[in-house]
Structure formats: C-alpha cells, structure tokens
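The values are calculated or read from the model by the stated rules, or taken from the named source; none is laboratory data. For clarity, every value in this text was computed on a predicted model and none was experimentally measured. Cβ: placed from backbone, ideal geometry, glycine included. Neighbour counts: every protein chain shown.
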Amino acid sequence: MDADVAAPSVRGTTGTARRPAMAAGTIRVRNVRVTYGEVVATEDVSFDVRPGEFVSLIGPSGCGKSSLLRTVGGLLQPASGEVRLGEVPILGPVPDKIAFVFQDLALYPWRSARRNVELALELQGVPRRERRERALAALRDVGLGDVPEAFPGQLSGGMKQRVAVARALVSKAETLLLDEPFAALDEQTRLVLGAQLLTLLEQHGKTVLFVTHSLQEAAYLSDRIVVMTPRPARVKEIIEVPLPRPRTPEMMRRPEFHALQHRLMGLLLPDPPGGDGR
C-alpha cells in the first residue's frame, strides 16, 4: 500500500474533529532496508507518521519492527532507503526531536525517580533548578508526584514504566518512539497505562510511533496501524482506525472495535500457498 494514500490527520482532544497536519514534522520512511550482516530485517519499507498521529507497528515476532523503530530514531542506519523528519535526513540520534521509551526501561537503580527523569535534561545542559521543576511536573503528569525520591527498586513495574514515560515527555521532543513499553505488565495494567498515556500524549501534542504485539493495544491507541509481514518485513497493509477521539474503554465493546481486531488477526496469519507474501 502506498504510504501517501491515507489522508493526513491528527488526534483531537474533543469530539471527532480533526484538522490537517502540517508536513514539516512528518516522519517519512522511504524504501528502507535494514540488515544485520547477511540477515535482512526489513525490505523496501515505506510509510509516513504525520504530526500528532499515533501510529502502531505490528507484525510477527522477530519480523524487524524494533529494528525499524531504531532506524527511525537514528540508532541504526539503513542499508538502503532513507528516513527523514520533514525534509531533514535522520543520520543519527536527534534527542531534542525524537525520544525513546524501551521495554527494558534503562532506569539507573542508584538514581531516584526524579533524577532518572532529569537525566535527559542534564544531557541537554538544562540548569539544575529548571530540570528539577520540569522533572517533578512530568512525574505529576504520570501520576507519580507523591514518590519523586523513590528508587526504581522501590517501585512496581507499572510505576517504573511511568518514570520512563515521564523521562521521554520531559525532553520536549515532539516525537516519541515506544518499543513495547508495556509488554512486561499484565493485560489490565497495560490497558490502564495505555489509556493514561494516550491522554498525556494528546495534552502534550506528541507524535508517536509504537511497536506492540497486542492487537487490542494497537486498535485502542492508534490512529493508523502499519501491519508488517514476516522477516524480511515489508508493509502488508496500513489501516485507518475507525474509532473517534477521545478514546474511552467502552469503545472496546463496540462491534467496529472487534471487527478491527479480527481484521488485524487475519492479516497476521501466514499467507496461503501461492500468495504474494506481503
């Protein structure tokens, strides 16, 4: 499917109204091939993520989703093709514009929640008083305003995940790349955190590229879903999510939500013999 077919849109915070997205901050993935030695992780992958969108990447385990996410963030360089932010090629990490939240969190156990959040600001040279204030505000945003001085070992898995999200939010980067951030949590907790994350992202106006194995998570959180084939991953289909904004848990009971999950599951099944493999 052509990456430019779908009409541009951004999340609305009330009702179903949407406005045209500006092209300047669009992430443009074009014909990207990612390799590890002789192993081809992705092949000829193209899609866009427009400002304010929440786009999910789903596909079979090991198909190259995380490799593609790292390429978008400049942590990996493609063997061919390119990634651009607006008209500027992404040739390496750009932490002032793109922030990561990984599954393994990368929290320092000897730093408190606040000081873990401050780390991104320290690297940017933000003065101590300002970074403290911004870190505390970010922790309040994610519901951890009462435990800023707790250490990671004193926090639950969900609370540690909130610290990682706060660290990404405080960076002021307009785009967040999330690599299965809730995978280690139980289904109920991940849905609760996902809903809270969605509210935060709408408040902060963030653009999101999100890797997940959960079809329910992808359907509930996303504006569009990029479905990948088995490795070497190609784009099998790009799906517009038919649910209005803002999202509520009750929407997961709607027939269109269940129909979307069923469609996604069907797309992830192996192609029949003689299929085109895409």
For TYR220, all conditions in the list (1) at pLDDT 85 or above; (2) in contact with a strand residue (DSSP E or B) (Cβ under 8 Å, 6 or more places away or on another chain); (3) within 26 Å of PRO255 (Cβ to Cβ); (4) surrounded by 19 or more Cβ atoms within 10 Å (Cβ to Cβ) hold save one; what is the number of the exception?
(2)
Counting only residues that are surrounded by 17 or more Cβ atoms within 10 Å (Cβ to Cβ) and more than 24 Å from the chain's Cα centre (by Cα), how many does region 113-149 have?
5
Exactly one of ALA166, ALA120, ALA138 is outside any loop (DSSP other than H, G, I, E, B) and without any contact (Cβ under 8 Å) to a residue 40 or more places away in the chain, and that residue is ALA138
Looking only at residues in region 157-171 that are surrounded by fewer than 19 Cβ atoms within 10 Å (Cβ to Cβ) and either touching a His at 6+ places or on another chain (Cβ under 6 Å) or modelled with pLDDT under 85 (or both), which one is farthest from ARG50 (Cα to Cα)?
GLY157
Of the listed residues (PRO270, PRO242, PRO230), the one being exposed (fewer than 14 other Cβ atoms within 10 Å of the Cβ), in contact (Cβ under 8 Å) with a residue 12 or more places away in the chain and under 16 Å from ILE58 (Cβ atoms) is PRO270
Given (1) crowded, with 17+ Cβ neighbours inside 10 Å; (2) in a helix (DSSP H, G or I); (3) among the β-branched types (Val, Ile, Thr), identify the lone condition not met by THR189.
(1)
Can you tell me which residue in region 53-83 is farthest from VAL32 (Cα to Cα), limited to those that are at pLDDT below 90 and either in contact with a helix residue (DSSP H, G or I) (Cβ under 6 Å, 6 or more places away or on another chain) or buried (at least 17 other Cβ atoms within 10 Å of the Cβ) (or both)?
CYS63
Scan region 204-215 for residues that are crowded, with 18+ Cβ neighbours inside 10 Å and either out of contact with any Phe, Trp or Tyr (no Cβ under 6 Å at 6 or more places or on another chain) or small (Gly, Ala, Ser) (or both) and report the count.
8
When you scan region 94-112, how many residues do you find that are surrounded by 14 or more Cβ atoms within 10 Å (Cβ to Cβ) and within 18 Å of the chain's Cα centre (by Cα)?
10
Can you pull out the residues in region 172-197 that are in contact with a Pro (Cβ under 8 Å, 6 or more places away or on another chain), at pLDDT 80 or above and not charged (D, E, K, R)?
ALA173
